[in-house]
1. Look at Asn165 and say whether it is surrounded by fewer than 19 Cβ atoms within 10 Å (Cβ to Cβ), in a strand (DSSP E or B) and in contact with a Leu (Cβ under 7 Å, 6 or more places away or on another chain).
2. For the stretch 322-335, give me the residue count where each residue is more than 22 Å from Asn154 (Cα to Cα) and buried (at least 20 other Cβ atoms within 10 Å of the Cβ).
3. Here's a check for you: in the stretch 232-267, which residue that is without any contact (Cβ under 8 Å) to a residue 40 or more places away in the chain and loosely packed, with under 14 Cβ neighbours inside 10 Å is nearest to the chain's Cα centre (by Cα)?
4. Condition first: among the hydroxyl-bearing types (Ser, Thr, Tyr), farther than 23 Å from Thr378 by Cβ and surrounded by fewer than 22 Cβ atoms within 10 Å (Cβ to Cβ). Now tell me which residues in the stretch 268-301 satisfy that.
5. Of all residues in the stretch 364-377, which are at pLDDT 75 or above, assigned to a strand (DSSP E or B) and under 11 Å from Val390 (Cα atoms)?
6. Going through Asp115, Asp84 one at a time, which residue ends up being modelled with pLDDT of 80 or more and surrounded by fewer than 13 Cβ atoms within 10 Å (Cβ to Cβ)?
7. Scan the stretch 343-354 and tell me whether some residue there is modelled with pLDDT of 75 or more, exposed (fewer than 15 other Cβ atoms within 10 Å of the Cβ), on the phi < 0 side of the Ramachandran plot and in a loop (DSSP other than H, G, I, E, B).
8. Would you mind finding the one in Lys250, Lys299 that is charged (D, E, K, R), part of a strand (DSSP E or B) and either over 17 Å from Lys188 (Cβ atoms) or not assigned by TED's automatic domain parsing to the domain that holds Tyr171 (or both)?
Amino acid sequence: MNGLSGFIRPEVNGTFNGWCGNCNAMTDSNADGIWETTISLNAGSYEYKFSFDSWTGEEDLSAAGSCAITSGTFSNRTLTVQSDMVLNVACWGLCSDCLPENVDTWSMVWSDEFDGTALNQQVWVHDIGTGNGGWGNNELQYYTNSPNNIEVSNGSLKITARQENLNGSNYTSSRVITNNLMEFKYGKIESRIKVPVGQGLWPAFWMLGANFETASWPQCGEIDIMEHINNENVTNGTVHWNNNSSHAYKGSAVPFNENDFHVYAAIWDSTSVTFELDGHSYFRFPFIESNNTAAIFQKEFFLLLNVAVGGNWPGYPDGSATFPASMEVDYIRIYNNDVTSISTDIEIPLTNIYPNPFDDQFTISNLLDGTTWDVRVTNCLGEIVAQQKVTSSSSAIDTKNWNSGVYFVTLVSKENKQINLKMIKK
């Protein structure tokens, strides 16, 4: 299984071990980002799924996937054993096998880098108040546009929740949205965020259907790219919609280090939405006619950022949370991969990185001469281990001090063309 930041003790549970707590714990002994275990099974068919820390969290899969069948609330993987076999590497929450990193032709079509000293008012508007009793979730905060609750400085947006009295509320915070100002349909939507941690805190980066004001919720649809509650060491990606006049939702949680910055993303097209943490897919939700999702999620959406305090899901502050508590947003970027929309002034070359696996260095070749590329390399925990610019058609990267394991190389041109590759150090 492909490892993700935050795994403490991944496990494989299934019908072969009675869905026990941690009977088949997995290990990553060589630190390559791939968690493994060996299981002795009799010939036959089984259901299984990945979990971690004795069911602190568990994998969920779409029942529409070819490797999953519905069993109760969740969907499980299936396995038929006839002889000794080694399974392909699987990704948490993703039904299909993990494949080598794709070379994506993503083209950035919009971004907010928060480089100034104020929000761009041509894009963002503030939600003010309590939303008629807690925005439908019994939340406690009063949203303001005060610089005490929201500021842009030093290249990031900070939304800060404070314990203070205002208009009958005991807490203040901020929520900003792009409704009626910046609405879009499909693409890769990502943001680099550091969340606040504490009982009763509920930061979120999410999307609502642009017809929200006329269709109302959940008829408009909702895509929660990132939600985090309290002190949990998991982040959540969820889809909400209206099905047969009732609220329906489906999502998954994935382990992470709640004290670090992470890149949260959703890849959204006419057929599905796939959630990513630090470039790793962990949950895919397909849109189908039978549950009304196709009609809802094939329309324009807008963005929202906020930090709620209290509410039905996280519960309420108990004195252990420290205020003020801030969510820091480094950037938001939206890409598309429609090749017809990419400028023809530059072509993405057939980039090669070799050798792979590598020892003390690897070489990036076939970059277009005269074009500057930003190179960023991260390890399987999402930590940046190298970052530099290259301009030649062949550039060597020194890796003498790197640990053995899996690394992810991202190259971005000045025209915002992006290439992603996976490397392994011996």
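1. Working: surrounded by fewer than 19 Cβ atoms within 10 Å (Cβ to Cβ): yes; in a strand (DSSP E or B): yes; in contact with a Leu (Cβ under 7 Å, 6 or more places away or on another chain): no.
It is false that Asn165 is surrounded by fewer than 19 Cβ atoms within 10 Å (Cβ to Cβ), in a strand (DSSP E or B) and in contact with a Leu (Cβ under 7 Å, 6 or more places away or on another chain).
2. Residues meeting the conditions: 1.
3. Tyr249
4. First pass over the stretch 268-301, keeping only residues among the hydroxyl-bearing types (Ser, Thr, Tyr): 270-272, 274, 281-282, 290, 293.
Restricting the remaining residues to those that are farther than 23 Å from Thr378 by Cβ gives 270-272, 290, 293.
Within the stretch 268-301, Ser270, Thr271, Ser272, Ser290 meet the criteria.
5. Ile364, Trp373, Asp374, Val375, Arg376
6. Only one candidate passes the filter, namely Asp115.
7. no
8. Working: Lys299 fails: part of a strand (DSSP E or B).
Of Lys250, Lys299, the one residue that is charged (D, E, K, R), part of a strand (DSSP E or B) and either over 17 Å from Lys188 (Cβ atoms) or not assigned by TED's automatic domain parsing to the domain that holds Tyr171 (or both) is Lys250.
The values are calculated or read from the model by the stated rules, or taken from the named source; none is laboratory data. Just so you know, these numbers come straight off a predicted model, no measurement behind them. Neighbour counts are summed over all protein chains in view; Cβ atoms, including those assigned to glycine, are modelled from backbone coordinates with ideal geometry.
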